[in-house]
Amino acid sequence: MTSPAARSERDHAPLRDAVATLLPRLTAFSRDLYDHPELGYREFRSVEAFAARLEAAGIAIERGTGGIPTAFTAQLGTRASGPQVAITAEYDALPGVGHGCGHNVIAASSLGAFLALAPLFEARDGADPLPGGVTLVGTPAEEGGGGKELLIQAGAFDAYDAAVMVHPSGRDVAAGPLSAKRQVVATFRGRTAHAAANPHLGRNALDGAVTAYQAIAQLRQHIPTTDRVHGVFLEAGTRPNIVPERAVLEFFLRSPEIDSLLALSERVEAVFHGAALTAGVGVDVVWDAEPIYLPHRLNAPLAERYAANLAGRREVPTRREDTAAVGSSDIGNVSHVLPTIQPFVAIGDPDIPGHSRERADSTLTPDGERAIADSAFGVAATALDVLTDDALREAAWADFHAQGDPVRVGDLVPLAPWPTFPEPVG
C-alpha cells in the first residue's frame with residue numbers, strides 16, 4: 001500500500017508537467033477574459049469560454065448551477081464517495097476598469113489546476129486513480145452580488161472537505177485575512193417646495209442625507225482602525241429651485257469580525273435616524289439588498305500545505321503579521337461552512353492599487369503568466385493532497401471546528417432577496 005506522503009510526492013511531478021504543457025492555453029484564456037470583461041451575473045461569454053476549454057478536454061460542464069445562469073460546475077472522479085475538493089473560479093469584472101481585480105488570472109489558474117488533475121483520475125502506470133472527486137465550481141458576481149453565498153444557499157458547497165482558489169495581489173501569502181462586509185441604503189423623504197418663493201413649506205431630504213454623510217465621517221474617528229465605512233450619494237435632488245423631496249445614500253460597512261460588523265451596523269443606522277430627525281424628514285433604511293460577505297475563517301493546515309507545495313517556485317509565507325483585513329470576498333462565506341483557503345499571489349509592483357486598470361494590465365505581463373502557472377500548480381497539488389492525505393483532511397477540519405461551528409448568513413440576519421438575473425444579450 002503506497003503511503004499518502006509517497007503518493008503525494010509521486011503525483012506532484014505529473015502536475016508540474018501538465019501545468020507547463022497547459023500554460024500557453026491558460027495565458028490565452030486569461031487574455032481572452034481580459035479582452036471581454038463582463039459584470040456580475042452577466043458573464044455569459046466567460047462561461048462559454050470555460051465550456052469550450054473543458055469540452056475540448058472531454059469534460060462535461062453543467063451550466064446554471066443552483067439556478068444561477070452564469071454559475072457552473074464540472075466534475076472529475078465521483079461525488080458519490082470518497083474525499084471531495086471544490087476548486088472555485090471567479091470571472092466577473094469591474095465597471096470601467098475591466099479585470100482590475102485579476103479575476104482572469106483566478107479563472108485561468110483554477111481551470112489549469114482542474115485540467116492538470118484530470119489524468120490522475122484514470123489508472124496509469126500501474127497506479128490507482130485518485131479517490132473521491134474534484135469539482136470546478138464557477139462562481140459569478142464576486143464583485144457585487146455574492147454568487148458564492150447564493151450557491152451556498154442552493155447547496156452547491158455541501159459535502160466537500162476543502163475549497164481552494166488563489167487571488168492576485170501585490171504580495172504572496174498563503175492565508176490572508178478578509179473583512180466581513182454588508183451594504184445599506186438610506187432613502188431620505190422630504191417635501192417639495194419652491195426653493196426661493198416658499199422654502200419654509202418644504203422639507204429638504206438632501207439636508208438629511210448630507211447631515212448623515214457628515215455624521216458618519218465623524219463616526220469614523222471613533223471606531224476601530226480595522227473598521228471601514230464608505231459611501232456615495234445615489235440621488236440628491238433634481239433642480240436647484242426645487243426643495244429635494246428625495247435623497248439616497250449607499251454605504252458599505254466592513255469589519256474583521258461578524259460581531260463587530262453587526263455592532264457597527266447599529267451605530268450607522270442610529271446616524272441615519274438622527275440625521276432625519278435633525279432635518280425634519282423621514283428615512284427608510286434597507287440593509288443587505290446584496291448578500292453579506294463574511295470574514296475569511298483561515299485554515300492553517302491547508303495554508304501551510306499550499307505554501308510547502310510552492311517551495312522552490314516562489315516563497316509564500318503562511319501568514320503576514322503586517323497584513324490587515326481590509327478587502328472582502330464571498331469566499332469568506334464558503335470558509336464558514338468548510339475548510340477553505342484563498343492564498344494571494346503577487347503580480348507586479350506591490351504598490352499597484354487593486355481595482356485599477358494598472359492591476360488589470362499587470363495580469364498580461366510575464367509576471368502574470370508566472371502567477372497563473374504557480375497558482376495552478378499550487379491549487380492542483382493542494383487538492384491532490386486533500387484527496388490522498390487523511391491526516392491533512394482531519395487537521396483541516398479540526399482547525400475549522402476550533403474556530404467555531406459552521407456559520408450561515410441566514411443565522412445572523414435576514415437573507416438578501418435573490419436577484420433577478422439578466423438575460424443573455426443577442
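The values are calculated or read from the model by the stated rules, or taken from the named source; none is laboratory data. Every value quoted in this text rests on a predicted model; they were computed, and no experiment measured them. Every residue, glycine as well, gets a Cβ built from its backbone with ideal geometry; the counts of neighbours run over all protein chains shown.
When the strands (runs of 3 or more DSSP E) confined to the stretch 101-181 are screened for residues that are modelled with pLDDT of 95 or more and either over 17 Å from residue 373 (Cα atoms) or not assigned by TED's automatic domain parsing to the domain that holds residue 406 (or both), those reaching at least 2 such residues are found at 133-138, 162-164.
The residue list 251, 188 contains one member that is outside any helix (DSSP H, G or I), farther than 28 Å from residue 339 by Cα and either acidic (Asp, Glu) or touching a His at 6+ places or on another chain (Cβ under 8 Å) (or both), which is 251. The sole residue among 87, 68 that is within 27 Å of residue 122 (Cβ to Cβ) and surrounded by 13 or more Cβ atoms within 10 Å (Cβ to Cβ) is 87. Which pairs turn up if I take residues in the stretch 107-130 that are over 15 Å from residue 386 (Cα atoms) and look for partners that are assigned to a helix (DSSP H, G or I) and of a type in the set (D, E, K, R) with beta carbon separation below 7 Å, at least 6 apart in sequence or on another chain? Here the result reads 111/53, each pair linking the stretch 107-130 to a residue that is assigned to a helix (DSSP H, G or I) and of a type in the set (D, E, K, R). Within the stretch 391-426, the set of residues being among the aliphatic types (A, V, I, L, M) and closer than 30 Å to residue 44 by Cα comprises 409, 415, 416, 425.
Residues in the stretch 233-286 that are touching a helix residue (DSSP H, G or I) at 6+ places or on another chain (Cβ under 9 Å) and either of a type in the set (Gly, Ala, Ser) or on the phi > 0 side of the Ramachandran plot (or both): 236, 237, 247, 255, 274, 275, 276, 279, 280, 282. Residue 259 satisfies every condition listed in (1) over 26 Å from residue 331 (Cβ atoms); (2) without any contact (Cβ under 8 Å) to a residue 24 or more places away in the chain; (3) part of a helix (DSSP H, G or I); (4) not hydroxyl-bearing (Ser, Thr, Tyr) except (1). Only one entry of 279, 215, 270 meets the criterion of being surrounded by fewer than 16 Cβ atoms within 10 Å (Cβ to Cβ), among the small types (Gly, Ala, Ser) and more than 30 Å from residue 392 (Cβ to Cβ), and that entry is 270.
Results for (1) in a loop (DSSP other than H, G, I, E, B); (2) under 22 Å from residue 160 (Cα atoms), shown as yes or no for each residue.
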position	(1), (2)
34	no, no
38	yes, no
54	no, yes
79	yes, yes
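One residue stands out in the stretch 218-247 among those that are among the β-branched types (Val, Ile, Thr) and crowded, with 19+ Cβ neighbours inside 10 Å: the one that is nearest to the chain's Cα centre (by Cα), namely 229. The selection criterion, being among the acidic types (Asp, Glu), assigned by TED's automatic domain parsing to the domain that holds residue 75, buried (at least 17 other Cβ atoms within 10 Å of the Cβ) and assigned to a helix (DSSP H, G or I), holds for residue 385.
Within the stretch 251-275, the residues that satisfy the criterion of being touching a strand residue (DSSP E or B) at 6+ places or on another chain (Cβ under 8 Å) and more than 21 Å from residue 178 (Cβ to Cβ) are 269, 272, 273, 275.
Considering each residue of the stretch 97-115 in turn, at least one proves to be of a type in the set (Gly, Ala, Ser), on the phi > 0 side of the Ramachandran plot and crowded, with 24+ Cβ neighbours inside 10 Å.
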